[in-house]
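Presented below is the structure to which this report refers.
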Amino acid sequence: MRNLSTTEVKVGLNFGAETISVGRLAARGHEIYFEYDAIFIAQNIEISPLNLPLQAGVSTFDRHLFEGLPGVFNDSLPDGWGRLLFDRFMRKQGILPNDLTPLDRLAHIGALGMGALVFEPDYGFVEIGETINLDMLAAQSQEVLNGNSEDVLQELLALNGSSAGARPKALISMDAAHQKISHGARNLASGYEHWLVKFANSQDGNDAGAIEYVYALMAHEAGINMPDTHLFPAENGAGYFATKRFDRESDKRFHMHTACGLLHSDFRTPSLDYEDLIALTGHLTRDVREIEKMFRLAVFNVLAHNRDDHSKNFSFLMNDTGDWKLSPAYDLTFSSGPRGEQSTMVLGEGKKPTPDHLIKLGRDAQLSQSKIDTIIEQTRGALGRWQQLATEFGVSQININLIGAKISGQ
């Protein structure tokens, strides 16, 4: 096991070819410092324009938010399942989670993070390079959630990378026919693509994957920009939901930044409004088409009762020339937010946002009334297929009725 107490981490960007040096993070006492490399500043590429603008000199950050990291680097760290795995593995090595610094955690992400950021030293876990059995992974994940199966922690960590969220996940590579699956977070074999597959957590029913898959189908029909998705068969349950990674295109990588990290808005204490997200989209992309995409997401989340729409569930992608766009949508499923409210409000309304709130949101975003009406009606039409699609893909009748009642009540 490598020594901990990492005091310095070099930050780079790798868009798929060589790594570009960005700067370095350093820890002194309880403070974390960051300084851009002068050569990177000269390239005029903003990796986090709001809270880490390109400028010479050393920057420090609020130690009570993201453990002192700037949001752009905190985005590279897993939470939920990924953090549970890493902390459990470190305990197995005799190291308490409280003894780990954010720089220790970044060093163990190395080049395996989501997006294009890479970190040195790289203590990332090495892939085994063999085919994967999803049913076995699901069973192993459940054993870890139950506090058992310590012997598979390293393999599950290698598969998780830095993916976030409460559900167990695996970063895989898959062939075009969706027949062959193997490790693929670090290396991609010819003819394979980068995908992410999810498993149920301890609060999910065995049809959670099917529900998310049906939501993805409805979102696509509602005009939302969705990555390719797939529902793998499962020995137990209705299947495993999988989605093609949008931060990868073959061996090409894109810089990925969540609204949480961009705005330094902690997703654990929801305070965002879709008005903020639309303003952020306009500021980053300067493109009304991207603003329309964000509005579509707001409409879908409200009408589909996806209330876990917190700031980590919205991301932006930057290419190697520094151009930004809204990422494809992800984590769209039936869910409840804090106290049953939307995690992201609509013009200040979280408990029961209505179509009238959405219409005003669209008008404030300078969208035409005809465009607003079309988006709302297209979304309603897509959600009207819930019962048919849910039945087709094995959602339980209890959930078909429950979710159907919530959707029809909007």
Computed magnitude of the charge dipole of segment 1-114 (debye, nearest 20; Cβ of K, R +1, Cβ of D, E -1): 440
Sort segment 17-63 into rounded, prolate or oblate with this rule: let a ≥ b ≥ c be the square roots of the eigenvalues of the Cα gyration tensor; rounded if a/c is under 1.5, and if a/c is not under 1.5, prolate when a/b is larger than b/c, oblate otherwise. prolate
Would you calculate a helix-derived [θ] at 222 nm for the chain, using -39,500 (n - 2.57) for each DSSP H run of n ≥ 4 and dividing by the full residue count, to the nearest 500? -10000 deg cm²/dmol
Per residue convex hull volume, Cα only, segment 37-113, in Å³ is 116
What order do you get for 15-21, 270-276, 105-111 when each peptide is scored by the mean count of other beta carbon atoms within 10 Å, highest first? 105-111, 270-276, 15-21
If you count only protein heavy atoms and use a 1.4 Å probe, how large is the accessible surface of Met256, to the nearest 10 Å²? 40
With a 27 Å threshold on alpha-carbon distance, the violating pairs from Lys244/Lys352; Lys244/Lys406; Lys198/Lys312 are Lys244/Lys352; Lys244/Lys406
Using amide H atoms built in the peptide plane, which far-off residues or other-chain residues are under 5 Å from Asp273 H to H? Met345
Cα gyration tensor of the chain, axes a ≥ b ≥ c as square roots of the eigenvalues: rounded (a/c below 1.5), prolate (a/b > b/c) or oblate? oblate
Go through segment 289-305 residue by residue and turn each phi into a ³J(HN,Hα) via Karplus (6.51, -1.76, 1.60, θ = phi - 60°); whole Hz please, and just put x for glycine and proline. 5, 6, 4, 4, 4, 5, 5, 4, 4, 4, 4, 5, 4, 5, 6, 8, 6
Roughly speaking, what % of Cα-Cα pairs in segment 174-260 are separated by over 14 Å, rounded to a whole number? 69
What ranking, highest mean first, results for peptides 32-43, 317-328 when packing means the other Cβ atoms within 10 Å averaged over each residue? 317-328, 32-43
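The values are calculated or read from the model by the stated rules, or taken from the named source; none is laboratory data. Quantities reported herein were computed from a predicted structural model and do not represent experimental measurements. Backbone-built Cβ (ideal geometry, glycine too); neighbour counts: all protein chains shown. With ligands, DNA and RNA removed, areas are computed over all heavy atoms of the protein, side chains included. Shrake-Rupley method; radii C 1.70, N 1.55, O 1.52, S 1.80 Å.
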